[in-house]
1. Along Cα→Cβ, 7 Å out, is where each label goes; now give me the distance between the ones at S249 and V463 in nm to one decimal.
2. For the chain, what is the mean residue ellipticity at 222 nm derived from helices alone (per DSSP H run of n ≥ 4: -39500 (n - 2.57); sum divided by total residues; nearest 500 deg cm²/dmol)?
3. Please find the FRET efficiency linking L297 to Y364, where r is the Cβ-Cβ separation and R0 is fixed at 22 Å, and quote it to the nearest 0.05.
4. Within the P(r) computed for the stretch 385-482, what percentage of the Cα pairs occupies the region above 22 Å?
5. Calculate the spin-label point distance for V416 paired with E211, positioning each point 7 Å from the Cα along the beta-carbon direction, and give it in nanometres.
6. Starting from the 7 Å offset along Cα-to-Cβ, what nm value, one decimal, do you get for the label separation of L9 and R347?
7. How far, in degrees from 0 to 90, does helix 372-383 lean away from the longest principal axis of the Cα atoms of the chain, to the nearest 10?
8. Round to the nearest 10 and give me the degree value, 0 to 90, for the angle of helix 9-24's Cα axis relative to the longest principal axis of the chain.
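Readers should treat all values here as calculations from the given coordinates under stated rules, not as data from a laboratory. Given the structure is predicted, the values throughout are model-derived calculations rather than measurements. For neighbour counting, all protein chains shown are included, and Cβ atoms are generated from backbone atoms with ideal geometry for every residue, glycine included.
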Amino acid sequence: MTTSLPSTLPWLVLIAYGLFVWRLAPHRVGVAGFFGGGDEKGTAPGLWLLVASAAISWIFAKSIANSAGLAQAFGLSGAAGYAFYYLSFLTAGVVIYIIRTRGGDASLPAFLARKYGGFCAKLFVAAIAIRLFNEVWSNTKVAGLYFGDEGSGAYWIAVAAVTAFTVFYTWRAGLRGSLLTDGGQMILAAILLAGVLFVVLPEVAARGLPEIDGATSMAGWTFAALALVQVFSYPFHDPVLTDRGFITSPRVMLKGFILAGLIAGGFIFLFGFIGIYGRLMGFDGNPSLAVPASFGLPMLLVVNAIMMTSAGSTLDSTFASTAKIAARDWRGRDATPTEAQMRFGRRAVLIIAVLGNLPLFSIYLGAQVGPAVIAATTISGTMVMGLAPIFLLAFLPGAGRWSFHLAFWPGLALGVIMTLEGALGVAIVPAWVDLGVGKYADDLGVNVWGLGLCTAGYLAGCVIGLAVSNRARDEAAEAVSA
């Protein structure tokens with residue numbers, strides 16, 4: 001059974017998608033719109049534009065494929081587990097609301113610079129730059145597979161075309177272009193999903209949910225528990241989400257984030273039924289390819305369009321966020337953006353578009369990045385586990401540079417260890433760390449114990465900070481009295 005679209009049909013889908021987005025994208029915006037998403041009059045985006053943009057920007061092509069794959073492997077627990085990641089909207093929304101209303105900060109890096117110092121803010125920006133790098137290849141890969149087998153000529157042409165087109169309109173319109181195209185892309189994706197479910201759900205209802213043995217079901221719930229642990233840190237290293245937390249009023253933002261999380265999480269959960277159908281039918285391999293192919297060309301075209309839409313919306317948001325962190329966040333710019341910054345941001349978009357696709361060439365070195373699409377989520381979430389106390393406990397007395405470093409570096413070290421485990425294929429973490437059942441027990445154990453370690457480090461930093469502050473105050477008092 002072929003899982004690629006025949007003939008010229010996928011290119012017709014790509015052309016239709018391109019024309020659709022081209023009609024939505026503004027051809028020119030000012031500096032404020034490029035970085036802040038406002039219209040020509042400086043008006044902030046409305047609630048539903050924010051909701052649509054935030055939701056579709058987190059319905060990644062890789063997330064859709066992951067949801068279907070996990071549901072095929074574990075049943076409902078797999079689909080629910082991946083949907084749990086969308087509780088990140090609530091975590092991010094509440095924290096950003098507090099940061100904006102109490103501190104008046106215009107971005108997360110600005111908050112970190114004020115609270116922990118400029119060096120800590122730069123460490124954070126470097127961490128989210130890695131996240132943006134991963135978003136490029138992991139989404140272009142999933143989209144490219146609908147045009148041909150990995151490494152084929154059609155595959156590479158599709159990857160280049162999707163990347164180049166998205167770079168072009170984002171280079172011109174920045175965040176404003178991303179927001180406006182996201183609105184249309186969200187509506188299109190919802191319509192296409194409804195079409196898929198109309199075909200798949202009646203068969204699932206007739207056959208019933210697949211039988212899942214106890215060990216497999218528990219393995220799925222182990223992954224779900226991992227997602228619940230990571231939502232306390234995961235959203236903060238994704239500027240695609242957090243940048244949207246500063247473009248409307250705090251009240252509109254919080255309401256929008258809650259609605260977007262419900263919509264995007266529901267979308268991902270429902271798409272998991274493609275994987276459940278694949279398990280019922282005994283399909284092997286990627287269900288987001290195999291299941292549509294089993295229904296014939298029309299369904300494959302619909303799912304291809306969904307993947308194009310989700311990949312494009314994530315890519316343009318990734319490029320817009322890259323422009324901002326390169327031109328403004330890294331340099332600590334809180335003043336009004338300038339034309340020079342916009343030019344610098346545009347160059348950064350071109351650079352990450354090229355560098356971000358380089359991992360796809362690993363197939364010529366004997367490596368496969370396919371399994372890494374899911375691993376990129378869990379491992380990147382592990383690396384930044386220290387961000388949970390850094391943002392959630394920032395109100396504690398004594399919190400400062402010591403707290404940041406004693407929370408940030410242990411999480412990063414554990415993430416590197418998990419990366420080495422996957423790359424080398426050997427167990428580095430001792431078995432007693434594992435929690436739960438199955439392949440994600442190692443990840444869950446590392447994240448639970450690691451989060452505890454990072455939190456303990458943060459609290460120790462608060463104690464050190466208070467001690468240093470008290471000592472400095474006593475020395476100042478002695479100097480005055482002398």
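1. Label at S249, label at V463, 4.5 nm between them.
2. Mean residue ellipticity at 222 nm (helix-derived): -24500 deg cm²/dmol.
3. Once rounded, the FRET efficiency stands at 0.10.
4. For the stretch 385-482, the fraction of Cα-Cα distances above 22 Å is 44 percent.
5. Each label point lies 7 Å from its Cα, and together they span 4.9 nm.
6. The modelled label-to-label distance comes out at 4.6 nm.
7. The two axes meet at around 10 degrees.
8. 40
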